[in-house]
Every structure is written in structure tokens, then in C-alpha cells.
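The values are calculated or read from the model by the stated rules, or taken from the named source; none is laboratory data. Keep in mind that what you see is a predicted model, and the values were worked out from it rather than measured. Cβ placement follows ideal geometry from the backbone for every residue including glycine, while neighbour counts extend to all protein chains displayed.
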Amino acid sequence: MKVLLEEAARRSIAYRSSIQSRSVAPSAEAIAGLSQFVEVLPTQGSDPNTTLELLDSAGSPAAVAMTGPRYFGFVIGGSLPITLAANWLAGAWDQNAAMHGVTPAVADIEQIAIRWMLDLLQLPDTAGAALVTGATIANFTALAAARDQVLNRAGWDARAQGLFGAPEISVVIGAEAHPTLTKSLGLLGLGQQRVATIPVDSQGRMQVNKLPDVSGPTIVCTQVGNINSGAFDPVGDICDRVCGANVWVHVDGAFGLWAAASRELSQYVAGVEKADSWATDAHKWLNVPYDCGIAFVRDENALRSAMAITAEYLLTESSGRNPSDYTPELSRRARGVEVWAALRTLGREGVDDMVSRCCRYARNFAEKLSAAGYEILNDVVLNQVLVSFGDKATTLAIVNEIQLDGTCWCGSTVWQGRTAMRISVSNWSTTDEDVAESLAAIIRIAESICRD
């Protein structure tokens, strides 16, 4: 075992050490090399060292350098060295982080990490939290608590009675709501198409004056950090507008919620603390390894009521916090260890610097591309930049060539009817030099295609 694990560490370190110099996208040859994995299930076992060697020799070249400094596709943070190291150690512990009485070390570390995040993100210190796979399940978890709570206030126990015959819940979302939010509404039986959809402004922000008068059980879903523009719904104003005896306001803040950790950017989330629940990702701006999302719920009892699990064989009676009382999963890995390691290593100032620096790089991208004659479609308030190179065909051709070039990786999107290239900056290791190198490649490719 010692030899095998040391070899795995050596290969892993070699991969990470080469990430700066390698092409962001794998070559066609590397992708073709994945055919080495195609075989029938062996009848006899094989030497684990040869299995590891195949995994590295065929898998590593075909991996996209998502953890590298010039990957700007989607909103993906690269894992900090300390979070990768903590991931390795927690993996060696192999704890099922469900019950405090069974795995007290990881349960206590998770609780500390949650307390630190509530402080850092300026959320109520009495809130409950769940560490889950990502923002999709974080939205699902928080909205499950919302659904059960607004029905409970209306005299209906959804957990015991289900939704058949339940009072109707009104659900309000913005026209730019992320699809993972609507997916969660569908999974919860609240419907993806029966929601009231509120118009948004030119940056994708929900228009408060278009909100309907609400009555009865109501859930209002807001967003901080539009996936395209990076814009923020005016959550505080929305909360003031819809406040009522049975209204729950949820915030999808997959990456935008981390603006609260930045002195420079926290103005954009002013009032967000008025909401009832929040969803975010740690594998985005906290730069922990995939996967790690967090659901926060102001009323900890509402979250626990929606998620808690009991059985005779489970050791659920404990003086400590049972993580499984707050998450959809019972069996789960110890994600809290990586979150704790990131926060302890970075500190408040380190997180502030990482978030603020990424946004500064985004502004640099926008300024330089605009100066080169290309249209920036959004107000760059966070880490998202939308660039049009002209018509749809030209923009897509340039995006495709940028991805093939391998200097950096950017994706395409459609923003309010316009095809654009999207640049998302959220990696701790990105530097001014990486931005300059990426800009040079983007402009070179764009000029070549536009000239042709």
C-alpha cells in the first residue's frame, strides 16, 4: 500500500506541476488514447501499479486543465494546494461523515467550517447549513426546507402527507434564473412551468416593480451572480417588497454570494442577509476540489425538519451535530475538511484577495478586448465577461479556435438574444501574466478570423 500511494502522490504532483505549461484543452491524440480503457471486465485481477500507470498515462493527457490558471470556461475554481492535500488526507481517513457519534473528527471540523462561512459571508450566525455536492443540490435542499415550512405554516405536514391535497404554493422566479434552480423546483414537485416569471433588466436583474402581490404560501427565488452577466438581483429590496406571514425568499448565489467576502464587492450583496435561505458553491470561489456546495437556512430547525433521518440502527443520539440531519444524503464524504482547510489557510484577508483579484482580472479582459474593437455585452461587476466578435457564426468560430489553440479555454453562450463568448475568472492561481497571455491569444485568433 505504501508504495502504491507514494506512486499515486508522485504522479498527482507531476500533473499539477505541469498544469501551467500544458495546453488547456487535450489534443485529439490524447482523446483518442482513451480507447485504452475500453476492454471487457477482466476475469482475473491485475497489478494495482499497472492500473495506476494506465490511469495516468492515458487519463492525465486527456484531462482538461480545469484546475489551471487559464481555464475560463463556466465558473470553475482550481483546487488550492492545501485543499487538495486535505482531500487526500480525508480520503485516507475514509470517513462516512453522517453522524457525530461515529465520525466525531469530521463532524466537528465541518461545524467549525460552517460557522466560519456564516461569518465570512455575513449571514445570520444562527443559520443551519448542509454541505452537499454543488449548487444544484444546495438549491434543492434549501427549497425543500422552504416548501415544508410554508406548508407547515398553512397547517400541512408535507413530510408526512406529501403534496397530494396540499395547499397551493406560489413560486416566483426571475427570467434569468439558473436552470439548476428550475430543476430543483421540478424535483420538489413545485413544477418548472407553473412558476410566475418576473422580467429582468438589461443585466439580468429581477425588476422589483414587476413582482406580483403575494398571499398564501409563497417562495420567491432570487439570484446573486448571474451566470452570464454576473449581475445581482436587489435581494434586500425584494425581501422588503414581498415580506409577509408566509413568504420565503431564497437566494441562488452559486458564486455571487462570495462577493460578501470582498470589501470591494460586498456592496452588491447588501440586504442579502434578509433572505431565508442561500445556496452557494465552495468548489467555485473557495477553490476546494470537486465537489462541494453549501445550503444555508436561516431557521436551522426548518432545515433539520426537512432533512433529518432516524432508524434503530443509526447512532443519531449525540451531543454533537449530525451532518446527516441537514443533507439529503446519509452516506457522504467529509467535504467539510477541505472547506475548513481552505478557510484556515487563506483567512479572511486571503479569501477577500482571491475574489477581488479575479474580478480585477475580469475587468482587465473587458477593457483590453473593448480597446481591441470587440463588443462587451455586460457591465463587468463581478468575474463574468461577455464578448461579441460580430455575428453568431464569427463569434462561434473564434470560440472554437480559442479552445483548439489551447492557450486558454472560454465557452460560448447566448445572452438576451446575442451569441457571445463568456470569460469566467475564478481560479486562485491566475496571474496578470496568464491574463496577458490569454488576451494575446484571443485577440490574435479574433483578428485572424475576422480578417479572413
List pairs: first residue in segment 1-29 and within 15 Å of residue 63 (Cβ to Cβ), second residue among the hydroxyl-bearing types (Ser, Thr, Tyr) and outside any loop (DSSP other than H, G, I, E, B) anywhere in the structure, Cβ distance under 8 angstrom, at least six positions apart or on different chains.
11/60; 15/60; 24/71
Consider segment 408-447. How many of its residues are part of a loop (DSSP other than H, G, I, E, B) and not aromatic (Phe, Trp, Tyr)?
10
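Residue-by-condition table, conditions (1) of a type in the set (D, E, K, R); (2) buried (at least 16 other Cβ atoms within 10 Å of the Cβ); (3) within 25 Å of residue 283 (Cα to Cα):
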position	(1), (2), (3)
398	no, yes, no
408	no, yes, yes
415	no, yes, yes
422	yes, yes, yes
431	no, no, yes
450	no, no, no
Kindly check whether there is at least one residue in segment 407-414 that is touching a residue at least 24 places away in the same chain (Cβ under 8 Å) and aliphatic (A, V, I, L, M).
no
Of the listed residues (336, 347, 373), the one being of a type outside the set (Lys, Arg) and assigned to a loop (DSSP other than H, G, I, E, B) is 373
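If I ask for residues that are among the basic types (Lys, Arg), within 25 Å of residue 429 (Cβ to Cβ) and part of a helix (DSSP H, G or I), which ones from segment 1-37 would you list?
Result: 10, 11, 16.
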Got at least one residue in segment 154-163 being assigned to a loop (DSSP other than H, G, I, E, B) and either in contact with a Lys or Arg (Cβ under 9 Å, 6 or more places away or on another chain) or of a type in the set (A, V, I, L, M) (or both)?
yes
I'd like the full set of residues that are at pLDDT 95 or above and either within 23 Å of the chain's Cα centre (by Cα) or in a loop (DSSP other than H, G, I, E, B) (or both), limited to segment 198-212.
199, 200, 201, 202, 203, 204, 205, 206, 207, 211
So, first residue closer than 13 Å to residue 277 by Cβ in segment 299-310, second residue surrounded by fewer than 17 Cβ atoms within 10 Å (Cβ to Cβ), Cβ within less than 8 Å, six or more apart or across chains; the pairs are 300/126; 306/159
Single match in 190, 151, 131 (criterion: touching a residue at least 24 places away in the same chain (Cβ under 8 Å), under 26 Å from residue 323 (Cβ atoms) and assigned to a helix (DSSP H, G or I))
151
So residue 392 fits all but one of (1) surrounded by 15 or more Cβ atoms within 10 Å (Cβ to Cβ); (2) charged (D, E, K, R); (3) more than 15 Å from residue 358 (Cβ to Cβ); what number is the exception?
(1)
When every residue in segment 232-279 that is assigned to a strand (DSSP E or B) and out of contact with any Phe, Trp or Tyr (no Cβ under 7 Å at 6 or more places or on another chain) is compared, the one farthest from residue 425 (Cα to Cα) is 247
Considering segment 377-391 alone, what residues qualify as being in a loop (DSSP other than H, G, I, E, B), within 13 Å of residue 203 (Cβ to Cβ) and either aromatic (Phe, Trp, Tyr) or in contact with a Lys or Arg (Cβ under 8 Å, 6 or more places away or on another chain) (or both)?
377, 380
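I'd like the full set of residues that are touching a residue at least 40 places away in the same chain (Cβ under 8 Å) and within 19 Å of residue 400 (Cβ to Cβ), limited to segment 30-65.
64, 65
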Could you list, in sequence order, the residues of segment 47-76 that are at pLDDT 95 or above, assigned to a loop (DSSP other than H, G, I, E, B) and either of a type outside the set (Ser, Thr, Tyr) or exposed (fewer than 14 other Cβ atoms within 10 Å of the Cβ) (or both)?
47, 63, 64, 65, 66, 68, 69, 70, 72, 73, 75, 76
So, in segment 284-328, how many residues would count as being crowded, with 19+ Cβ neighbours inside 10 Å, of a type in the set (D, E, K, R) and in contact with a strand residue (DSSP E or B) (Cβ under 7 Å, 6 or more places away or on another chain)?
1
Run residue 218 past the list (1) within 18 Å of residue 122 (Cβ to Cβ); (2) touching a Phe, Trp or Tyr at 6+ places or on another chain (Cβ under 9 Å); (3) not hydrophobic (A, V, I, L, M, F, W, C) and report the number of the one that doesn't hold.
(1)
Does segment 221-228 include one or more residues that are out of contact with any helix residue (DSSP H, G or I) (no Cβ under 8 Å at 6 or more places or on another chain), in a loop (DSSP other than H, G, I, E, B) and hydrophobic (A, V, I, L, M, F, W, C)?
yes
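I'd like the full set of residues that are part of a strand (DSSP E or B) and of a type in the set (Val, Ile, Thr), limited to segment 284-298.
294, 297
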Of the residues in segment 290-345, how many are under 20 Å from the mean Cα position of the chain (by Cα) and among the acidic types (Asp, Glu)?
3
State yes or no: is residue 269 in contact with a Gly (Cβ under 6 Å, 6 or more places away or on another chain), under 30 Å from residue 375 (Cα atoms) and among the hydrophobic types (A, V, I, L, M, F, W, C)?
no
